[in-house]
């Protein structure tokens, strides 16, 4: 499965992306890592060009929810990307319960939202279910 890993335009952190890249490779994925501070348009261009099986957006700066809402709306506005599986996770907000963001992010177009305190198992389960559908 080809996975595109990215962060949002305001997030300059890279260790989370490197960790995800290595973890996903261990799990058998082909990974394209776009790096830090990725403009929305670059994510869209790379999704259109590379046609990944899933987009994984990771954020640790606490602005992932706001930036993620903007990004996924732009992705879903592109007809050829409307059905592309996309997830977001990490530190999605700076104050309060980040889980409050999950419904808005899913409503905007993310297939799943993973809050940092959940750990890696829910993410792995989602990917396993997706891989089973992709292989059929």
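The values are calculated or read from the model by the stated rules, or taken from the named source; none is laboratory data. Bear in mind that the values here come from a model prediction, so they are computed numbers and not experimental data. With ideal geometry, Cβ positions are generated from the backbone for all residues, glycine too; neighbour counts draw on all protein chains shown.
Beta carbons closer than 9 Å, at least 6 apart along the sequence or on distinct chains, never pair a first residue in the range 18-31 that is on the phi > 0 side of the Ramachandran plot with a second that is modelled with pLDDT under 95 and part of a strand (DSSP E or B).
Residues of the range 109-125 that are surrounded by fewer than 18 Cβ atoms within 10 Å (Cβ to Cβ) and either part of a helix (DSSP H, G or I) or under 12 Å from the mean Cα position of the chain (by Cα) (or both): 111, 116, 117, 118, 121, 122, 124, 125. The set of residues from the range 105-130 being modelled with pLDDT of 90 or more and out of contact with any strand residue (DSSP E or B) (no Cβ under 9 Å at 6 or more places or on another chain) comprises 107, 108, 121, 124, 125, 128, 129. Annotation note: Cβ proximity below 9 Å between a residue of the range 55-71 that is at positive phi and a residue that is surrounded by fewer than 24 Cβ atoms within 10 Å (Cβ to Cβ) and part of a loop (DSSP other than H, G, I, E, B) (sequence gap 6+ or interchain) occurs for 62/91; 62/93; 62/94; 62/95. In the range 22-41, of all residues being over 14 Å from the mean Cα position of the chain (by Cα) and outside any loop (DSSP other than H, G, I, E, B), the one that is farthest from residue 120 (Cα to Cα) corresponds to 41.
Here is a check on your reading of the model: is residue 9 surrounded by 15 or more Cβ atoms within 10 Å (Cβ to Cβ), out of contact with any strand residue (DSSP E or B) (no Cβ under 8 Å at 6 or more places or on another chain) and either in contact (Cβ under 8 Å) with a residue 24 or more places away in the chain or not in a loop (DSSP other than H, G, I, E, B) (or both)? Yes, satisfied. Among the residues of the range 79-103, those that are more than 15 Å from the chain's Cα centre (by Cα) and either under 21 Å from residue 3 (Cβ atoms) or in a helix (DSSP H, G or I) (or both) comprise 79, 80, 98, 99, 100, 103. Going residue by residue through the range 62-73, is there one that turns out to be in a loop (DSSP other than H, G, I, E, B) and touching a helix residue (DSSP H, G or I) at 6+ places or on another chain (Cβ under 6 Å)? There is no residue in the range 62-73 that is in a loop (DSSP other than H, G, I, E, B) and touching a helix residue (DSSP H, G or I) at 6+ places or on another chain (Cβ under 6 Å).
Any residue that is in contact with a strand residue (DSSP E or B) (Cβ under 8 Å, 6 or more places away or on another chain), buried (at least 16 other Cβ atoms within 10 Å of the Cβ) and either within 22 Å of residue 133 (Cβ to Cβ) or modelled with pLDDT under 95 (or both) - is there at least one of those in the range 22-30? Yes, that holds for at least one residue.
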